[in-house]
Amino acid sequence: MPDLLDRKVAVVTGGGTGIGEAIAARFVREGAKVAIAGRTRVVLEQSAARTGAWPIAADVADEAEVIALFRATEERFGGLDILVNNAGVTGQVAPAELLDMGQWDTTMAVNVRGTILCLKHAIPLLRRRGGGSVINMSSLMGLRGYPMRTAYTATKFAIIGITEAVAQEVGRDRIRVNALCPGAVNGELMQRVIAARVAAEGRPAEAIVRENYTEKAALRRWVEPEEVAAAAVFLASDDSASITGERLRVDAGRS
């Protein structure tokens, strides 16, 4: 069978680790030419060696660097068909009354400003190709609020709104815009969240994982990064040609 993304060009932000790397690797296997972006060049280069993607250092919160990212992608690959807005930070794990507003601003800058900047500069390239697919990485926390995660939750709700609004703007150009909403995904990022919760709540990591994550999922387990990548391939490919403005949960049935 032909590869689902044969000859497509994709940019995956936050592509050097975790979900982003899993998506980049799966896109390459499906025939796409993939640029991965992130702030740390050595991490990107290591990921590129593992996945076959092309690394470009870029801070998505910096408009000049975002412009350079898409210009370099177009120069190397001739255009753009797919954008995965995956770059993000977890934000502070703390009750609202103890939030550090500097950390709040950083979370907003990367997760929300970064998403809209990439959309702003990717849309003209997608339009020139006659259409394409944008996948914005939201979260289960973009659908309901969770305690101790105010900053992250706020950004992921914002991404749902951005997805729905922009989908209506660019549908006439055959550009589809959808959101992925993973639940608790196994990996380094989730381990940092657990460690922060242990420090904030004074409870054992095992209890936090069991009570707040695995036991709240119908499948009684974490989601794996490769499972999110599989959903991203679906939204990037022609198999989802009539789907736009939607949010797709990949959460093991978490309540």
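Nothing in this text is a laboratory measurement; each read-out follows from the coordinates by a stated rule. All of these numbers come straight from a predicted model, not from anything done at the bench. Neighbour counts are summed over all protein chains in view; Cβ atoms, including those assigned to glycine, are modelled from backbone coordinates with ideal geometry.
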Check your understanding: So is GLN191 surrounded by fewer than 21 Cβ atoms within 10 Å (Cβ to Cβ) and free of Cβ contacts under 8 Å to residues at least 60 places away in the same chain or not?
Key -> yes
Review point. Can you pull out the residues in the range 53-88 that are within 24 Å of ALA167 (Cα to Cα), without any contact (Cβ under 8 Å) to a residue 60 or more places away in the chain and among the β-branched types (Val, Ile, Thr)?
Key: VAL60, VAL66, ILE67
Check your understanding: Can we say ALA57 is at negative phi and crowded, with 16+ Cβ neighbours inside 10 Å?
Key -> yes
Exercise for review: Any residue in the range 24-46 that's farther than 20 Å from GLU226 by Cβ: show its pairings with residues that are of a type in the set (S, T, N, Q) and part of a strand (DSSP E or B) at Cβ separation under 6 Å, as long as the two are six or more apart or on different chains.
Suggested key: ALA37/THR13
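Table: residues versus (1) touching a residue at least 40 places away in the same chain (Cβ under 8 Å); (2) touching a Phe, Trp or Tyr at 6+ places or on another chain (Cβ under 9 Å).
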residue	(1), (2)
ARG203	no, no
VAL209	no, yes
ALA218	no, no
VAL223	yes, no
ALA229	yes, yes
ALA232	yes, yes
SER242	no, no
GLU246	yes, no
ALA252	yes, yes
Point to revise | Single match in MET137, MET148, MET190 (criterion: over 16 Å from the mean Cα position of the chain (by Cα) and hydrophobic (A, V, I, L, M, F, W, C)) | key: MET148
Check your understanding: Are there any helices (runs of 4 or more DSSP H) wholly within the range 1-78 with 1 or more residues that are of a type in the set (S, T, N, Q), and if so which?
Key -> 41-51, 63-77
Point to revise | Only one of ALA151, ALA179 that is of a type in the set (Gly, Ala, Ser), surrounded by 23 or more Cβ atoms within 10 Å (Cβ to Cβ) and not in a helix (DSSP H, G or I) | key: ALA179
Review point. What number of residues in the range 202-255 are in a loop (DSSP other than H, G, I, E, B) and over 21 Å from ASP81 (Cα atoms)?
Key: 14
Practice item. Within the range 117-148, track down each residue that is in a loop (DSSP other than H, G, I, E, B) and surrounded by fewer than 21 Cβ atoms within 10 Å (Cβ to Cβ). Key: ARG129, GLY130, GLY131, LEU143, ARG144, GLY145, TYR146, PRO147, MET148
Study note, to complete from the structure: Residues of the range 19-56 being β-branched (Val, Ile, Thr), farther than 20 Å from ILE67 by Cβ and in contact with a Ser or Thr (Cβ under 8 Å, 6 or more places away or on another chain), in sequence order, are VAL28, VAL43
